[in-house]
Amino acid sequence: MSSKIGPTEAVQPFATSREKRAFIRKYWALYVISLPGIVYFIVFKYFPLFGSVIAFQDYNIFKGIAGSPWVGLEHFQRMFAYPEFLTILKNTLLIGLYDLVFAFPIPIVLALLLNELRVMAFKRLVQTVVYMPHFLSWVIVGGVLVGIMSPETGIINTILGFFGIEPIYFLGENEYIRSILIGSGIWKESGWGTIIYLAAIAGINPDLYEASQIDGAGRLRQTLSITIPSILPTIMILFLLHIGKFLDFGFERVFVFLNSLNSENGEIIDTYVYRAGLIDRQYSYTTAIGLFKSVVGLVLIAIGNTLSKKTTGEGLY
């Protein structure tokens, strides 16, 4: 009788502490490798959570958390009673919704298209080109796009001038800022987002495609009937992760394009927290805003995970 431990036996609860110690000694290298990640999350993710208590205080940096007076839910009431914050919350929700509707599907489509390329040299070239913007900082991306959209020297307005159209100051009008934010994000991150989808596609059993070819299925039918259903669990996991940061659109992504002329439609919670918290030193108020944003993200993940498990059987937990 073989003494080899099967896959199902390896995940069974330990009967004794001796078995547990033997298991740890056997896989000690994996525990050592995981330590930096564990320390990172403890120091930078979990430990700062204790600072969220100042959302319920009138925090004073000289008195500290222990000496600052408690004010209960005053900052949360102020947050929802402040007209400017409600406008900013609306902007954040709309921009997050646009990003979910327009930006999230692009990496999926791009991965499907890249998967159809048969000339490997050309495929690698295309992948490199679409990946490269990811490695540029938002400061560089902002500088490039500001130059492209300049009303005097920008290439877009130069082309419009050939058709007799007056120059448009894209970053000086509220109606364009949301499209600029979403479009720049698609250009910068879509290529990088295809990596996980291409890896999922590579894991599909080739026998499925061979069987479909025998049945006379073309490339489009194979994509619709095999590729997309096979990567659907991956799509759902990334979708859940995306809605978890629905209100966390990104400070740098917006700040480089924001100015007094487009802030009515462009300012989001992150830029408002920077202005009210760091510049105006309203620490308790902005902590309350951050706590509210985290709770909303947690609720969205819980709802999305429940719906995903009921519809596809896949979830984060």
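Dipole check for region 107-258: with +1 at the C-beta of Lys and Arg, -1 at the C-beta of Asp and Glu, and the Cα centre as origin, the magnitude is about 340 Debye. A simple charge model with +1 on the Cβ of Lys and Arg, -1 on the Cβ of Asp and Glu and nothing else charged puts the dipole of the chain at about 1400 debye relative to its Cα centre. Exposure proxy shown here: for 20, 245, 310, the number of other Cβ atoms within 10 Å sets the order, fewest to most, as 310, 20, 245.
Checking the a/c ratio against 1.5 first, then a/b against b/c, what shape does the Cα gyration tensor give for region 48-102? Because a/c hits 1.5 or more and a/b exceeds b/c, region 48-102 counts as prolate. Three semi-axes describe the equivalent ellipsoid of region 130-220; taken as square roots of 5 times the Cα gyration tensor eigenvalues and ordered largest first, they are 41, 18, 10 Å. When the chain is described by a simple charge dipole with +1 on each Lys and Arg Cβ and -1 on each Asp and Glu Cβ, the residue from 39, 77, 120 located farthest towards its positive end is 39. Rounded to whole numbers, the Karplus 3J(HN,Hα) couplings from phi for region 284-300 are 5, 5, 6, 5, 4, 5, x, 5, 4, 5, 5, 5, 4, x, 5, 5, 5 Hz, using 6.51 cos²θ - 1.76 cosθ + 1.60 with θ = phi - 60°, and x at Gly and Pro.
Over the chain, calculate the relative contact order: mean separation of alpha carbon pairs under 8 Å at least 6 apart, over the residue count, as a percent.
Details: 270 pairs, mean separation 75.3, N = 317.
Normalised by residue count, the contact order of the chain is 24 percent.
Working note: Karplus 6.51/-1.76/1.60 with θ = phi - 60° gives region 302-317 the couplings 4, 5, x, 5, 5, 5, 5, 5, 6, 8, 10, x, 10, x, 6, 8 Hz, where Gly and Pro are set to x. Please list, short to long, the whole-number percent of alpha-carbon pairs of the chain in consecutive 10 angstrom bins beginning at zero. The percentages, shortest bin first, are 5, 17, 23, 24, 18, 9, 3, 1, 0.
Where in region 23-68 are there trypsin sites (Lys or Arg not before Pro) that are in a DSSP coil and have at most 12 other Cβ atoms within 10 angstrom of their Cβ?
Numbers: sites: 25, 26, 45, 63; in loops: 63.
Those satisfying the criteria are 63.
Other residues with beta-carbon under 15 Å from the beta-carbon of residue 109 carry, at +1 per Lys or Arg and -1 per Asp or Glu, a net charge of -1.
Here r is the Cβ-Cβ distance between residue 74 and residue 274 and R0 is 30 Å; the resulting FRET efficiency, rounded to 0.05, is 0.85.
Comparing 154, 142, 246 along the charge dipole axis of region 138-257, the residue lying farthest to the positive side is 246, per the Cβ-charge model.
Under 5 Å from the amide H of residue 57 lie the amide H atoms of 71, each residue being 5 or more positions distant or on a separate chain, with H modelled from the backbone and absent for Pro and chain starts.
In summary, the lysines within cross-link reach of residue 309, defined as a Cα separation below 20 angstrom excluding same-chain residues under 8 places away, comprise 245. Rounded to the nearest 20 debye, the dipole size of region 185-313 about its Cα centre is 200 debye, using +1 on the Cβ of Lys and Arg and -1 on the Cβ of Asp and Glu.
Only the coordinates and a few stated rules stand behind these numbers; no lab work does. Only a predicted model underlies this, so the values are computations on that prediction, with no experimental measurement involved. Please note: Cβ atoms are built from the backbone with ideal geometry, for glycine as well, and neighbour counts cover all protein chains shown.
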